[in-house]
Amino acid sequence: MRVLLLAVCLLALAAPTAQAGGINIAWGTRCWFDNPTALSTFACDSNDGTVSFTVSFNPADDMDFRYLDAWIHFQSDSAELPDWWQLTDPGGCREGSLSVSADTSATWHGCPNPWKGMPITHKFVKWSTSAFPYFDPVAANRAKLRVSYAMAPPGVRIRRVYEYYGFTVTINFARTVGAEACRGCSTPVTIVLNSVLTSGLRPLTTPLYNQCLRWQAGGVTPCSATPTRSSTWGKLKSLYR
């Protein structure tokens, strides 16, 4: 009997742990799986061009996927968020310089796209700063980005064994140089993907491989310095039922 109990215990310890799901963020227009890049540098010498980063996720369980709601936090090394990062505030120095896309036509290589061929019925993008806070107050050197997408039911079936494309954020370089330039392009900024809520029962907060990006080399703000959001997930989920 003791031998049998010992064997059962050993088998339990050896059993694989169930995959809990997770999140990734990468510079570029592809998932971390396809393009594992955590640092982006720019000479701040042109008003032309853009920089993008992409959010992806691994569901905790197989599910009928219908919506995604993500929170991304930004923190500059400076005491205040530079004018260059006033991206959407009305009257902000670079108002209109941020855009978000969930490409419904693209077929990704190593990272499946659940939005492909599906009509998007809901899109919400909110850039929040100390001057224009959304939900909670924002510190002077920080910003928060909330991105939500949804499709009509029944959605698409996704599996826990894959990393899926979520969406891409693009920032243009307008007003970087010249008479109307906005200061602070060269200031290092830390960008952290804090959470992604999908059609599952709980938000995904654990990085699969990477949860943190750096803008400009030499930054000193640790990834752990960015706060987690305090909004109620039950309230957010009710928006998509």
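Bear in mind that the values in this text are calculations on the coordinates, not laboratory data. Not measured: the values here are computed from a predicted model. Here the Cβ is made from the backbone with ideal geometry for all residues, glycine too, and neighbour counts use every protein chain on show.
Among residues other than Tyr209 whose Cβ falls under 14 Å from its Cβ, what is the net charge (Lys/Arg +1, Asp/Glu -1)? Residues close to Tyr209 contribute a combined charge of -1. D for the stretch 40-93, whole µm²/s, Stokes-Einstein with Kirkwood Rh over alpha-carbon pairs at 10 °C and 1.306 mPa s: what number? Roughly 104 µm²/s, to the nearest whole number. The local environment of Thr176, defined by Cβ-Cβ distances under 12 Å, has a net charge of -1 under the rule Lys, Arg +1 and Asp, Glu -1.
From the P(r) of the stretch 19-238, can you give the percent of Cα pairs sitting at distances over 33 Å? Summing the P(r) of the stretch 19-238 above 33 Å gives 13 percent of all pairs.
Remark: relative contact order (the stretch 100-203) = 26 percent; criterion is Cα-Cα distance under 8 angstrom and separation of 6 or more residues. Of interest is the spacing of the C-alpha centroids, which for the stretch 156-182 and the stretch 34-109 amounts to 3 Å. Expressed in Å, the radius of gyration and Dmax of the Cα atoms of the stretch 19-58 are 12.8, 45.
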